[in-house]
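Worksheet: one structure, shown below.
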Amino acid sequence: MTLEPNEEQALLRDMVVRFLADHVSAEQAARKTLPMDQWRALGELGVLALTTPEAAGGLGGGPVEAALVGEALGAAAALTPVADVAILSARLLAGATNNPAAETCLAAVLAGEALVAYAEAGEGLGDITIEPSDEGWILSGERIQVRHADQATAFIIDTGETGPGLLLIDAGAPGLTLLPYRLADGEHAARLVFDRIELDRSALLATSRAEHNQALALAQLSIVAEMVGLMQTLYDATVQFVRDRRQFGVPIASFQVVQHRTARLFILLEQSRSMLARAVHTSPETFERRTLEARAYVSDAALRLAQDATQLHGGMGVTDELLVGRGHRRLLVLSHLVGGAVGAREALAA
């Protein structure tokens, strides 16, 4: 099973592939986040507006477009906030009707002029308390892991089941502190600390629960596609390595044990690609569930493939010198986002 893009979608994929080939060097791959000038260039190409509804100024794309771009990003080992910002945050902002602040932020995101980071709610991700006030709410607490927070101009805070919903907070709001750190793949993240931040009611994004869930599912699909694209790159690099590496005067690819392990890599890759395509081509009614199923499988498969690819490269496989080591760390981060495989299985069982 494949994504089977139509002619227009294939042109989109090829455009993104060419852009990444020109702008993501071997030195930058799986090491450095795409700089803001290149992020703006993606905005000028329309890539950042792909999955935002047309009524909100986007191009109205859906799962196929999200998957094609995600897979291209993964194949190039490009570190970008596409899933977090251009898909998830953009769709949440687009769903907030009659909110001037959200409209302004959305326009900046689609143009590549600003990042709006999403602060996820969940177990182990930090607790917040919300007190009602005359003007709206007073927010205290923290969110532990917010990716790309250092470059964000605003944050969408998911207050969880007990809060009022999604709150849009300016990065310069009094009482907001960022404690930055780096993830295993080198991407920037931060812990957000809220010290009695006063918010008026205009901070509330009136995005429906259904729209919120759809945005989360589409972003997760993009992450799954990125994992599949990077799995393909690591597989290709590993196959080439075992063909070139020689022991006892012959390529190690001629050893039966190496052939068995590379065959397992191929199986993991093709099964992951099929799970991705199954989620892309499902009906709107089952899209969220199929995406969870894909995430549950691919998150585990990607780590197994990365581990075997690293081992087949020997000691060099764990270093920064080879893409396989950096790609392994990238897959480690991607596979644990939004609860990872365990979170997806728990959601499926609920």
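On the basis of the beta-carbon distance and an R0 of 22 Å, GLU113 and SER202 show a calculated FRET efficiency of 0.55. Taking 7 Å steps out from each Cα toward its Cβ at ASP14 and ASP170 produces label points 4.6 nm apart. Provide Rg over Rh for segment 130-183; use the alpha carbon set for both Rg and the Kirkwood Rh (inverse mean inverse pair distance). Radius of gyration relative to Kirkwood radius: 0.96. Counting only Cα atoms, the size of the chain along its three principal axes is 79, 43, 41 Å, in decreasing order. Summing Cβ point charges (Lys, Arg +1; Asp, Glu -1) relative to the Cα centre of segment 209-349 gives a dipole of roughly 280 debye.
Taking the Cα centre of segment 7-110 as origin and assigning +1 to Lys and Arg Cβ atoms and -1 to Asp and Glu Cβ atoms, the resulting dipole is close to 280 debye. The calculated P(r) of segment 209-349, using every Cα pair and 5 Å bins from 0, goes 2, 11, 20, 20, 16, 12, 8, 6, 4, 2, 1, 0, 0 in percent. Looking only at segment 309-338, which residues have a backbone nitrogen under 18 Å from a spot 7 Å from the Cα of ALA263 in the C-beta direction? Only 309, 312 pass the distance filter. Kindly express, to the nearest 10 degrees and within the range 0 to 90, the angle between helix 100-110's C-alpha long axis and the longest C-alpha principal axis of the chain. Here the helix axis deviates by roughly 20 degrees. For segment 154-208, the relative contact order is 33 percent, taking Cα pairs closer than 8 Å that sit 6 or more residues apart in sequence and dividing their mean separation by the residue count. Our Cα-only numbers for segment 115-205 put the radius of gyration and Dmax at 12.4, 44 Å. Computed from label points 7 Å out along Cα-Cβ, the spacing between PHE255 and ASN98 is 6.9 nm.
Just tell me the longest site-free run in the chain, where the sites are GluC sites (Glu not before Pro) in a DSSP loop having at most 11 other beta-carbon atoms within 10 Å. By the stated rule (loop sites, at most 11 other Cβ atoms within 10 Å), 162-320.
Just so you know, all these numbers are worked out from the coordinates, no wet-lab data involved. Source: prediction; values computed, not measured. Note: ideal-geometry Cβ built from the backbone for every residue, glycine included; neighbour counts use all protein chains shown.
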